[in-house]
Amino acid sequence: MGKRIMIVDDSRALAFQVSGLLEDTDYEVVACCQTGEDAIAEYENIQPDLVTMDIIMPGMDGLETAHAILEEHPSAKIVMLSSLAYDETLHEASKIGAKAFVCKPFDRDELINTLERVLAEP
């Protein structure tokens with residue numbers, strides 16, 4: 001059985017890109033959410049193995065969303081995918097409990113290597 005991934009990004013193009021990069025792998029995209037509020041509700045229903053999370057979204061941003069999910073599910077594995085690769089943002093994501101940060105644009109190998117590393121963590 002493949003690892004279940006939930007993509008959280010307000011850009012349908014990015015969600016489509018990530019889904020495409022994960023084709024023919026052991027990863028299954030089980031949900032794509034465009035808002036933080038939807039992501040929180042879907043996480044409850046789906047309980048994915050891993051979440052990829054954009055930072056800039058309408059409503060709740062990705063940092064707020066990650067924080068909310070991790071408060072309810074401390075073992076959630078969240079990987080931030082963002083072009084906001086500033087020290088302050090990286091520190092905030094780490095402080096919240098995100099397991100990794102992948103800077104946009106990224107390639108297939110970088111994404112898959114990050115997912116594998118995070119999923120291998122206890």
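Which residues does a label at Phe106 reach in segment 63-77, if reach means a backbone N under 20 Å from a point 7 Å past the Cα toward the Cβ? Label zone hits: 63-70, 75-77. Note that segment 30-122 presents 51 Å² accessible area per residue, ligands and nucleic acids not counted, probe 1.4 Å. What a 1.4 Å probe finds exposed on segment 1-118 is 47% carbon and sulfur by accessible area, rounded to a whole percent.
Using the Cβ atoms and a cut-off under 12 Å, what net charge is assigned to the surroundings of Ala120, where Lys and Arg are +1 and Asp and Glu are -1?
Result for the neighbourhood of Ala120: +1.
Total Lys pairs in the chain closer than 17 Å by alpha-carbon, pairs eight or more apart in sequence or interchain only? Eligible lysine pairs with Cα atoms under 17 Å apart amount to 4.
In the chain, what is the volume of the convex hull around the alpha carbon atoms, normalised per residue and reported in Å³? Mind showing how you got there, number by number?
Details: hull volume 11.4 nm³, N = 122.
Given the Cα convex hull of the chain, per-residue volume reads 94 Å³.
The values are calculated or read from the model by the stated rules, or taken from the named source; none is laboratory data. Treat the numbers as computed from the prediction; the structure is a model and nothing was measured. Glycine gets a Cβ as well: all are built from the backbone with ideal geometry, and neighbour counts include every protein chain shown. Quick note on the areas: whole protein, heavy atoms, side chains included, nothing else; ligands and nucleic acids left out. Shrake-Rupley method; radii C 1.70, N 1.55, O 1.52, S 1.80 Å.
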